[in-house]
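The values are calculated or read from the model by the stated rules, or taken from the named source; none is laboratory data. Please read these numbers as outputs of a predicted model, since none were measured by experiment. Every residue, glycine as well, gets a Cβ built from its backbone with ideal geometry; the counts of neighbours run over all protein chains shown.
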Amino acid sequence: MLHIAGTMGRSSFFRYAVTRPYPNRWLTPVAIVGLIVFTILFSLLNFVTTGYTLVAQETSNPNRTISDTVWKRHWPSWITKNVQPKCSAADISVGSKLFTNQTALTYTLTDVWRPSTGGAGGAGTTDGITPTLSYNYNILENCTVNFIDIDISSADRTATQYAYTQYGAVVHTYATCSIVSPNGTLNVNLTQEYDYVPPGVSFANMYQFLGTSFLSRNKTERSSLYWGESIMSMYWANTTNAMQRIRANQTGDGNVGISKGMLYFYPNDNEQIDNITLPSFFNVDYRFLVDEGQGNITVIRPETYGSHEDFTSVPYLLENQTYPNIWESADILAKAAYSTVLTDLGYVNSTTNMLLHEDYVRYFTANFSEIKRNIENAYPGPSERSYAAERSGPLGTTPSVFATRYVCSVPQRKPAGSIFVSVLIADLVMLHAVWFLFTSAIDLFSLRSKS
């Protein structure tokens, strides 16, 4: 403590306090041990609180990024709250292209809505529909395929597409999934488009497996998706070839062939069918256009032949061989799309998914060799052999999430020199405070003992 001297000429301007040792012998070892213990504790505390800084980092799995940090497991959050890792949700706009962690098919996000307000575009209020999905690695739950439509066309295709096959088929699958978050449940509508010979296909790939529409394939780890792609491409080739043969027969007899068509497959609500091999699993509505020339277009629809109920029944169409008789191959193509989408979206417990049951996969691939002999230049794949003839991994799927990127703030250690200086300064300040409290307590104790 400094004091100003009363007489400037005979003494120093500054003074010091007179000190003497404490009479207690135990005080010295206690002070030394306490100094060591508090130095260690303060150094650890200051290292945790000042030795790290948050930096931005991109990740595809925010849950793993957060769980991998040591702070969450070993330190209380009130100490490390400023350096706890945090990840921001990804904002996915309606209309965005998406794929899942299964890395198979690509989807378009068409609607985001709250189920409590009704379906998107339906009876619910518009308050439940949002333009953006705030997504934070949520598992896709309760996914259902609502319907599948197949657009068949010969006209308006590129010459390269025509070289592969005279008819093309674009399969659209419409699905709905639920996403459960702390803010409640959201439903999302997804549309998947599959075209084995798309407009941008190269002529250089003629007579070989094209691998279009699927991002990746793995017959060992993702066997179900491997067979889903194989069945889809095989029956795409079979359906388009059947249309070509039917037109050849029509024109050979002097009749006009079909230029375009649409098949709309939807669940058979009249019967509860768990066996996807049955033709009655789906009903089908359809329109086929026949260009008679001079602006005259004939439309073939169920009512063209009779009652709507009869001629939207796949078994009835097959039994009567209704024109154009592509019902079996198109039905299997729709079922393959149905099952592949459910598998890619991670619907684990589906009893109607052909790709989760060996008997179903064996059934739908049994005639691969026969189909392969009756296709045009669009060679299917990745497998051209039946399930019984080719070894692959076990069938099944796992829960799916959308594959996107997240921005996270993660702790990163400062340079060693910076850590040393900051910890040293903080330790000195805290040790000085502890020493002051310690000596004040001892002084008070000594005064009370004397009195």
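Being touching a strand residue (DSSP E or B) at 6+ places or on another chain (Cβ under 6 Å), of a type in the set (Val, Ile, Thr), within 29 Å of residue 266 (Cβ to Cβ) and surrounded by 15 or more Cβ atoms within 10 Å (Cβ to Cβ): is that true of residue 341 here? Spelling it out, residue 341 is indeed touching a strand residue (DSSP E or B) at 6+ places or on another chain (Cβ under 6 Å), of a type in the set (Val, Ile, Thr), within 29 Å of residue 266 (Cβ to Cβ) and surrounded by 15 or more Cβ atoms within 10 Å (Cβ to Cβ).
Just to verify a result, which residue in the range 418-427, among those that are crowded, with 16+ Cβ neighbours inside 10 Å and not polar (S, T, N, Q), is farthest from the chain's Cα centre (by Cα)? Applying the filter and picking the extreme gives 427. Taken over the range 155-170, the residue count meeting the criterion of being buried (at least 20 other Cβ atoms within 10 Å of the Cβ) and assigned to a loop (DSSP other than H, G, I, E, B) is 2.
The set of residues in the range 339-358 being closer than 18 Å to residue 148 by Cα and either over 20 Å from the mean Cα position of the chain (by Cα) or free of Cβ contacts under 8 Å to residues at least 12 places away in the same chain (or both) consists of 350, 352, 354. So which strands (runs of 3 or more DSSP E) are wholly in the range 240-345 and hold at least 1 residues that are closer than 28 Å to residue 230 by Cα? So the answer is 258-267, 282-293.
Consider residue 164 carefully, then state whether it is of a type in the set (Phe, Trp, Tyr), at pLDDT 90 or above and in contact with a helix residue (DSSP H, G or I) (Cβ under 7 Å, 6 or more places away or on another chain). Against the criterion (of a type in the set (Phe, Trp, Tyr), at pLDDT 90 or above and in contact with a helix residue (DSSP H, G or I) (Cβ under 7 Å, 6 or more places away or on another chain)), residue 164 does not qualify.
Across the range 320-334, the number of residues qualifying as among the charged types (D, E, K, R) and without any contact (Cβ under 8 Å) to a residue 60 or more places away in the chain comes to 1. Based on what the data block shows, is residue 415 surrounded by 17 or more Cβ atoms within 10 Å (Cβ to Cβ), modelled with pLDDT under 95 and over 23 Å from the mean Cα position of the chain (by Cα)? It is false that residue 415 is surrounded by 17 or more Cβ atoms within 10 Å (Cβ to Cβ), modelled with pLDDT under 95 and over 23 Å from the mean Cα position of the chain (by Cα). I want to confirm something. Restricting to the range 346-375 and keeping residues that are surrounded by fewer than 16 Cβ atoms within 10 Å (Cβ to Cβ), part of a loop (DSSP other than H, G, I, E, B) and not hydroxyl-bearing (Ser, Thr, Tyr), which single residue is modelled with the lowest pLDDT? Residue satisfying both the conditions and the ranking: 349.
Taking the conditions exactly as written (surrounded by 13 or more Cβ atoms within 10 Å (Cβ to Cβ), in contact (Cβ under 8 Å) with a residue 24 or more places away in the chain and closer than 30 Å to residue 191 by Cα), does residue 382 satisfy them or not?
Judged against the criteria, residue 382 is a match.
Residues are listed down the side, and each one gets a yes or a no for (1) among the hydrophobic types (A, V, I, L, M, F, W, C); (2) surrounded by 13 or more Cβ atoms within 10 Å (Cβ to Cβ); (3) within 39 Å of the chain's Cα centre (by Cα); (4) outside the structural domain of residue 175 (by TED's automatic domain parsing):
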site: 234; (1), (2), (3), (4): yes, yes, yes, no
site: 273; (1), (2), (3), (4): yes, yes, yes, no
site: 287; (1), (2), (3), (4): no, yes, yes, no
site: 297; (1), (2), (3), (4): yes, no, no, no
site: 307; (1), (2), (3), (4): no, no, no, no
site: 311; (1), (2), (3), (4): yes, yes, yes, no
site: 326; (1), (2), (3), (4): yes, yes, yes, no
site: 332; (1), (2), (3), (4): yes, yes, yes, no
site: 337; (1), (2), (3), (4): yes, yes, yes, no
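The conditions of being over 21 Å from the mean Cα position of the chain (by Cα) and either surrounded by fewer than 19 Cβ atoms within 10 Å (Cβ to Cβ) or of a type in the set (A, V, I, L, M) (or both) are not met by residue 182. Is it the case that the range 104-116 has a residue that's under 27 Å from residue 283 (Cα atoms), modelled with pLDDT under 85 and assigned by TED's automatic domain parsing to the domain that holds residue 225? Yes, the range 104-116 contains at least one residue that is under 27 Å from residue 283 (Cα atoms), modelled with pLDDT under 85 and assigned by TED's automatic domain parsing to the domain that holds residue 225.
The condition of being touching a Leu at 6+ places or on another chain (Cβ under 8 Å), under 30 Å from residue 61 (Cβ atoms) and either touching a residue at least 60 places away in the same chain (Cβ under 8 Å) or not in a helix (DSSP H, G or I) (or both) holds for only one of 404, 398, that being 404. Does the range 414-421 contain any residue that is in contact (Cβ under 8 Å) with a residue 12 or more places away in the chain and not in a helix (DSSP H, G or I)? For the range 414-421, residues in contact (Cβ under 8 Å) with a residue 12 or more places away in the chain and not in a helix (DSSP H, G or I): present.
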